[in-house]
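The values are calculated or read from the model by the stated rules, or taken from the named source; none is laboratory data. Quick caveat, the model's predicted, so the values are computed rather than measured. So basically every Cβ, Gly included, is an ideal-geometry build from the backbone, and we count neighbours across all protein chains shown.
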Amino acid sequence: MTTLGLGWRRDLRHACLMRFTEHEMTVALTGAAKVILAAQRKDVRRGRVDIDEVWDEMDRHDRFQILDRLGDQILPVLVALPDIQVAPGTRPSYADREVGEVVAGLVGAGPGKLRRAVIIKARTALVQSALSFLPPRSDPDALTAPDGL
């Protein structure tokens, strides 16, 4: 058993400390963007159109604008969340309190008391929504390479 600094141990085979990959952050951000877009579009809310169809019909610039605005709110929180152990096949989960504390630290004391409370609640819900779209963690020991490699 070797310690690799920051409390990481080399023999952790069934759980690893949570650090989000670029793919996981992209999936989380895209999922949150679709939730926001679905809330804004009446035809999606009423079930006339599927959100994936709306997303696919949008041009790249429109998608970029939504992702850019949400990325400023979600990505700093995802990066600042504490490391947790995630067993293979499960998704990471954080309590609203944990996410709220991180959001409060990033928001700072700038806005008024009521506005700050609303921002913290809304951003916490947004980050929790993004976290719900994360794919399950795969087992690094079970990964195999194709025969052609």
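Looking only at residues in region 69-93 that are of a type in the set (S, T, N, Q) and surrounded by fewer than 18 Cβ atoms within 10 Å (Cβ to Cβ), the one that is nearest to LEU126 (Cα to Cα) is SER93.
Here LEU81 fits the description: touching a helix residue (DSSP H, G or I) at 6+ places or on another chain (Cβ under 9 Å) and not basic (Lys, Arg). For the structure I just gave you, tell me whether SER138 is of a type in the set (Ser, Thr, Tyr) and part of a helix (DSSP H, G or I). No. The helices (runs of 4 or more DSSP H) located wholly in region 18-134 that include 3 or more residues which are of a type in the set (A, V, I, L, M, F, W, C) occupy 22-40, 51-57, 60-80, 96-107, 113-131.
Please state which one of PRO76, PRO88 is touching a residue at least 24 places away in the same chain (Cβ under 8 Å) and either hydrophobic (A, V, I, L, M, F, W, C) or closer than 24 Å to VAL118 by Cβ (or both). On inspection, the qualifying residue turns out to be PRO76.
State yes or no: is ASP96 farther than 15 Å from ALA28 by Cβ, surrounded by 12 or more Cβ atoms within 10 Å (Cβ to Cβ), modelled with pLDDT under 90 and of a type in the set (D, E, K, R)? No; evaluated as a whole, the condition is false for this residue.
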